[in-house]
Amino acid sequence: MNLGISVYGMNRGISVQEAIRRLGDGEVIAIPTETVYGLAASVQHPDALASIYTLKGRPKDNPMILHGASVDQLLPFVEGWSEAHQACADAFWPGPLTLILRASEQVPSIVTAGLDTVAIRIPNHPMALEILEHIGPLAAPSANLSGSPSATKASHVLDDFGNAVAVVDGDQAAIGLESTVVWAVDSPWRILRPGVIGADEIGHEANIMVNPTPSHHVPAQPAEADQTPLSPGTKYRHYTPMARVMWLDLNQIEAASIAPVQPRLFVVTHTEDRRSQIQTLTQKHPSMLHQHAGSLDMLAKHLYEWFREADQRNTDTIFIEGFEATTPLGLSLTNRISKTIG
Ligand code: TXA
Ligand code: MG
């Protein structure tokens, strides 16, 4: 919890009760979730939904996820809810999984950006759930300016939006990477955005084929859908730090540390071996910034925070220690990091 040490936290953090009241009045509020913070508006308030796009600077053709407190709250907004969907809901909700289904007529077209499908999710955060229980479904993209990394702390929301958005401070997001987005409209289902819940687990629970579409490739266009990619978000340039991002290479770091003008480096490690090597190099290269994540879980939790920090400190190059992408978490991390490299 933010104990009010930062000026922002003191002035801008609002209570769950206050958030419920303001959302009911048609205001846009940032809420915590287990993945990243969301910039939320009630599905009952079209003007508030529209102002999310303006606040973020988000292209109008990029749809938003509808969040609910329960399956019952979300069912009126979708069509074709099947046993497979229910099995996923039972297994993974509340949690970091977003299902795309056919949208019902109740979904405002501003939420779907005119598509005939809608993305739904039940987030796993007590404050988000309490707000959703009281106010009903909320559309919420990640609470960052378009072109910034997703916000994983209340202070990140304030860095991006200042006084324009009040935030419920629900501590640092537990996961730190956005939810898995799955096309679950027809068979086979496909992963449009990898997250910590992987294709195999989803397929196993739903007893259905799930294609782990490599998400850095724009998914194939549905034949009838007139140039709209399956997940519009995938066609936009994602956050790239001002700094160059590279996989960690000790030779390059050593070369940089004897250069006449030392570049500003920000090094991220996650194994003990690399940690101690970098700590030794830091003695030769005192301006080098170093952050250590004890595990890939911790790397995910802090990645966006460190991207933001690297840019605030005018870093030239961010080096991230590589890893084998053998788990869904590893795959999602590789997906997000390679987007900043490539
Ligand atoms: O973890 C998360 O998913 C967070 C938290 C706040 O829930 N939300 C989030 O929202 O990351 P956003 O808007 O930043 O990313 C949602 C992604 C976008 O790439 C969007 O294009 C895609 O989901 N999406 C939303 N509705 C869709 C639809 N009907 N069809 C295909 N893709 C959709
Ligand atoms: Mg986003």
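The values are calculated or read from the model by the stated rules, or taken from the named source; none is laboratory data. Note that the coordinates shown come from a computational prediction; the quantities given were computed from them, not determined experimentally. Here the Cβ is made from the backbone with ideal geometry for all residues, glycine too, and neighbour counts use every protein chain on show. Note: accessible area is taken over every heavy atom of the protein model, side chains too, but ligands, DNA and RNA are not part of it. Shrake-Rupley method; radii C 1.70, N 1.55, O 1.52, S 1.80 Å.
For the chain, the longest principal axis of the C-alpha atoms and the axis of helix 272-284 are separated by about 50°. When the charge dipole of the chain is built from unit charges on Cβ atoms (+1 for Lys and Arg, -1 for Asp and Glu) and taken about the Cα centre, the candidate among Ser187, Gln44, Ser142 whose Cα reaches farthest toward its positive end is Ser142. For Leu289, the amide hydrogen comes within under 5 Å of the amide hydrogens of Leu265, Phe266, Val267, counting only partners 5 or more places away or on other chains and with H modelled in the peptide plane.
I'd like the carbon and sulfur percentage of the solvent accessible area for the chain, probe radius 1.4 Å, heavy atoms only, ligands and nucleic acids excluded. Write out the running numbers ahead of the final one.
On the way: 7630 of 15030 Å².
Ligands and nucleic acids excluded, carbon and sulfur give 51 percent.
Stokes-Einstein diffusion of region 8-211 at 25 °C, 0.890 mPa s viscosity, Kirkwood radius from Cα pairs, rounded to a whole number: 147 µm²/s.
Which order do peptides 34-42, 285-293 fall in by mean Cβ count within 10 Å, highest first? Show your work: numbers first, answer last.
Values: 34-42: 26.8, 285-293: 17.1.
Top to bottom by mean Cβ count within 10 Å: 34-42, 285-293.
Using a Gaussian network model on the chain with a 10 Å cutoff between Cα atoms, which of Pro123, Pro149, Pro46 fluctuates the most? Top of the fluctuation ranking is Pro46. For the chain, the solvent-accessible area with a 1.4 angstrom probe is 44 square angstrom per residue.
Each Lys and Arg contributes +1 and each Asp and Glu -1, all at the Cβ; summed about the Cα centre of region 8-211, the dipole is approximately 540 debye. Placing +1 on the Cβ of every Lys and Arg and -1 on the Cβ of every Asp and Glu, with nothing else charged, gives the chain a dipole about its Cα centre of roughly 1100 debye.
Under a 5 Å amide H cut-off, with hydrogens placed 1.01 Å from N, His125 pairs with Glu34 among residues at least 5 apart or on other chains. Under 5 Å from the amide H of Leu192 lie the amide H atoms of Val181, Val182, Trp183, each residue being 5 or more positions distant or on a separate chain, with H modelled from the backbone and absent for Pro and chain starts.
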